[in-house]
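The values are calculated or read from the model by the stated rules, or taken from the named source; none is laboratory data. Note that this is a predicted model, so its numbers are computed, not measured. Virtual Cβ from ideal backbone geometry, glycine too; neighbours counted across all protein chains shown. SASA here: full protein model, heavy atoms, side chains in, ligands and nucleic acids out. Shrake-Rupley method; radii C 1.70, N 1.55, O 1.52, S 1.80 Å.
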Amino acid sequence: MSYSELEFDKGSVFLVTGGAGFIGSNLCGAILKMGCQARCLDNLSTGKKENTDLFLGEAGYHFIKGDITDPKVCMEACEGADYVLHQAAWGSVPRSIEMPLLYEKVNIGGALNMMEAARRQGVKKFVYASSSSVYGDCPRLPKKEGQEGKPLSPYALTKRVDEEYGRLYKELYGLDTYGLRYFNVFGRRQDPEGAYAAVIPKFIRQLLKGEQPVIHGDGKQSRDFTYIENVIEANLKACKAPSGAGGEVFNVAYGGRECLIDIYHYLAKALGKDTEPVFGPERAGDIRHSNADISKARDMLGYDPEWSFERGIEAAIEWYRENL
Ligand code: NAD
């Protein structure tokens, strides 16, 4: 069943933290389309004002500029919310290696503030963004919940800690938490700029601008690239999950595996470019291969991703062509 067929009460209030970012703004759009209320909490650190301007005219949209490291802000934002979709965090493995303290403060402290506010305000479901990076140094494929290795970066560690808080908040306080381990999400509105941009938008931008992209390592590292629509589906289905699934974590991916170098050639061909990439040194903290077993999310959340990599990448290329 597609998420567009899910039924929520029309007055339902969804608080989306990080709603000015890539994933959060797409969640806000989907919530508004369902006729529900999207309340966006964001401090506009990596998020963009234009991602909030998109919805400002809509009756169900409300933007709060605020920081999740402030418990009072979190309490006020959660007041009257039915569901919290917690996305606000600092992303990027390499940046976390440079700034571990910032990641601790926002990704752990901020998430804990949000869980605490959600429990005090009686929120029905607390769905939060975790990451495939929690699989760390475990080489086993496909990645399966319960088979985590040691985290390889501060970023990965912050997400593991959040998951443990998610489990505890269910066990100790009955807050219905759902941790979604996203695997390399891509799609419209993902930021292509800057040193820490994700590979797909970064390659597209560089190819379109005639720059020569850099691939770290030999390009044979692989990822389970996941189109944004599948991530929206997982979030909304978690909101509809039976509470017995609470306190758990779930892989959210398509279940495929693409090598970086193949993606590069695919994009270059699709954009009509013959630029060859430059190969740079491998990056610390990176996982070599990643591919998800999504059976747990299928069984417990009814997650059934409809967007293959090929379908998603076509849509993403089209969006960047029109918007870059
Ligand atoms: P993003 O950077 O586009 O969005 C994050 C948003 O959080 C931004 O709008 C930013 O301004 C906001 N934010 C950061 N610190 C904040 C604070 N202290 N208070 C309030 N708002 C704050 O990133 P994204 O790609 O949309 O990622 C969303 C979530 O998904 C993150 O938790 C990220 O770790 C997780 N995730 C993303 C991917 C991916 O491939 N994009 C993969 C795994 C996990």
Query raised in the report: Any idea which residue in region 40-61 is farthest from Glu79 (Cα to Cα), counting only those that are outside any loop (DSSP other than H, G, I, E, B) and without any contact (Cβ under 8 Å) to a residue 40 or more places away in the chain?
Result: Glu50
Query raised in the report: crowded, with 18+ Cβ neighbours inside 10 Å and either more than 14 Å from Asn184 (Cα to Cα) or in contact with a His (Cβ under 7 Å, 6 or more places away or on another chain) (or both): does that describe Ala297?
Result: yes
Report summary line: The lone condition Leu85 fails out of (1) of a type outside the set (Asp, Glu); (2) open to solvent by 30 Å² or more (accessible area, probe 1.4 Å); (3) more than 9 Å from the ligand (Cβ to nearest atom); (4) outside any helix (DSSP H, G or I) is (2)
Report task. Give region 172-194 a look and list any residue that's within 16 Å of the ligand (Cβ to nearest atom) and over 14 Å from the mean Cα position of the chain (by Cα), or say none. Result -> Thr177, Pro192, Glu193, Gly194
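Pick out the one residue from Tyr196, Tyr182, Tyr178, Tyr173 that is touching a residue at least 12 places away in the same chain (Cβ under 8 Å), crowded, with 20+ Cβ neighbours inside 10 Å and out of contact with any Phe, Trp or Tyr (no Cβ under 8 Å at 6 or more places or on another chain).
Details: Tyr196 fails: crowded, with 20+ Cβ neighbours inside 10 Å; Tyr178 fails: out of contact with any Phe, Trp or Tyr (no Cβ under 8 Å at 6 or more places or on another chain); Tyr173 fails: crowded, with 20+ Cβ neighbours inside 10 Å.
The match here is Tyr182.
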**Report entry** Cross-chain or 6+ apart pairs with Cβ under 9 Å, region 245-269 first and closer than 30 Å to Phe126 by Cβ and of a type outside the set (Lys, Arg), then modelled with pLDDT under 95 and open to solvent by less than 10 Å² (accessible area, probe 1.4 Å)
**Finding:** Ala253/Ser290
Query raised in the report: Here are some conditions: (1) modelled with pLDDT under 95; (2) in contact with a helix residue (DSSP H, G or I) (Cβ under 6 Å, 6 or more places away or on another chain). Gly57 meets all but one. Which one does it not meet?
Result: (2)
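Scan Asn323, Asn251 and give me the residue that is open to solvent by 30 Å² or more (accessible area, probe 1.4 Å) and under 22 Å from Gly18 (Cβ atoms). Steps first, please.
Numbers: Asn251 fails: open to solvent by 30 Å² or more (accessible area, probe 1.4 Å).
Result: Asn323 is the single residue among Asn323, Asn251 that is open to solvent by 30 Å² or more (accessible area, probe 1.4 Å) and under 22 Å from Gly18 (Cβ atoms).
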**Report entry** Flag if Tyr169 is within 14 Å of the ligand (Cβ to nearest atom) and touching a helix residue (DSSP H, G or I) at 6+ places or on another chain (Cβ under 7 Å)
**Finding:** no
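Taking only region 55-71 into account, find how many residues are away from the ligand (no atom under 13 Å from the Cβ) and either charged (D, E, K, R) or surrounded by 16 or more Cβ atoms within 10 Å (Cβ to Cβ) (or both).
Here is the first cut: in region 55-71, the residues away from the ligand (no atom under 13 Å from the Cβ) are 55-62.
After this cut, where a residue has to be either charged (D, E, K, R) or surrounded by 16 or more Cβ atoms within 10 Å (Cβ to Cβ) (or both) as well, the list is 55, 58, 60-62.
The total comes to 5.
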Query raised in the report: Would region 98-115 turn up any residue that is away from the ligand (no atom under 13 Å from the Cβ), within 14 Å of Asp162 (Cα to Cα) and assigned to a helix (DSSP H, G or I)?
Result: yes
Query raised in the report: Given the structure, is Ser45 open to solvent by 40 Å² or more (accessible area, probe 1.4 Å) and either within 16 Å of Val185 (Cβ to Cβ) or near the ligand (Cβ under 9 Å from one of its atoms) (or both)?
Result: yes
Report task. Determine, yes or no, whether Leu141 is part of a helix (DSSP H, G or I), more than 30 Å from Gly35 (Cβ to Cβ) and either open to solvent by 30 Å² or more (accessible area, probe 1.4 Å) or away from the ligand (no atom under 15 Å from the Cβ) (or both). Result -> no
Query - Index of the failed condition, Gly11 passing every other in (1) of a type outside the set (Phe, Trp, Tyr); (2) at pLDDT 95 or above; (3) at negative phi - result: (2)
**Report entry** Conditions (1) touching a His at 6+ places or on another chain (Cβ under 9 Å); (2) farther than 16 Å from Tyr128 by Cβ; (3) within 12 Å of the ligand (Cβ to nearest atom); number of the one not met by Gln37
**Finding:** (3)
Query - Candidates Tyr83, Tyr61, filtered to the one that is in contact with a strand residue (DSSP E or B) (Cβ under 7 Å, 6 or more places away or on another chain) and within 27 Å of Tyr155 (Cα to Cα) - result: Tyr83
